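Here is the structure we will look at, set down as C-alpha cells.
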Amino acid sequence: MQQKTLFHILLVITFVFGGLSAFSYLVTAAILPTMQQFYADNPNILPEQFSVMMQQMLDTPRGYFLGAGVLYLLEVLGAALMWRLRWSGFHCYALSRLLLLLLPLLFLGRGFVGIGDIMMALLFIAVYFLLMRQLTAGQSEPPKEDPEQ
C-alpha cells in the first residue's frame with residue numbers, strides 16, 4: 001500500500017470519528033441542563049444499573065463536554081489541513097489530541113485517562129508525523145513575502 005493511500009485512509013478515520021465525537025459532545029453540552037432537569041423530575045425512569053451511569057454523566061460539568069467538542073472540531077480541522085499536506089494541520093491535530101488527554105484531568109480528576117487513550121493518541125501523532133515528513137520531503141516552502149516590497 002502506498003504511503004499516500006495509507007495517509008488518506010487514516011485521515012478519513014480521523015474525519016469520521018473526530019466529526020462524530022465533536023457532534024456528540026457538542027449536542028450533549030447543549031442538552032445537558034434539560035437532561036439534568038428531566039432526570040431530577042423522573043429519577044426512577046431507568047433501571048438501577050443504568051441509573052448509576054446516567055448520574056455520573058449528569059454530574060459531569062458542562063464545560064467538559066463543550067471543551068471536548070471544540071477540541072474534536074480542532075482535530076477535524078487539523079486533519080483537513082493535513083489532507084492538503086500542511087504542517088499547520090499536523091500541529092493543530094497533535095495539539096488537540098494532547099489537550100483531549102488533559103481535559104479529563106482538568107474536569108474529572110485523576111483516574112479518568114486510560115493508558116489506551118494515551119497510547120492511541122501518541123501512535124496516531126507519531127504515524128501522522130512520519131507520513132507527513134515522507135510526503136512533504138523535497139517540497140519547498142512557499143516563498144515568504146518581503147514586507148519591504
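The values are calculated or read from the model by the stated rules, or taken from the named source; none is laboratory data. The model shown is predicted, which means the values in this text are computed figures rather than measured ones. Glycine also receives a Cβ, built like all others from the backbone with ideal geometry; neighbour counts cover every protein chain displayed.
Residues that are among the β-branched types (Val, Ile, Thr) and either more than 13 Å from Ala79 (Cβ to Cβ) or surrounded by fewer than 16 Cβ atoms within 10 Å (Cβ to Cβ) (or both) were ranked within the range 91-128; the one that is modelled with the highest pLDDT is Val127. Across the range 86-120, the qualifying residues are those that are out of contact with any Phe, Trp or Tyr (no Cβ under 9 Å at 6 or more places or on another chain) and part of a loop (DSSP other than H, G, I, E, B), and the one among them that is farthest from Gly69 (Cα to Cα) is Arg86.
In the set Ala30, Ala126, Ala40, which member is under 21 Å from the mean Cα position of the chain (by Cα), over 30 Å from His8 (Cα atoms), without any contact (Cβ under 8 Å) to a residue 24 or more places away in the chain and assigned to a helix (DSSP H, G or I)?
Answer to the check: Ala30.
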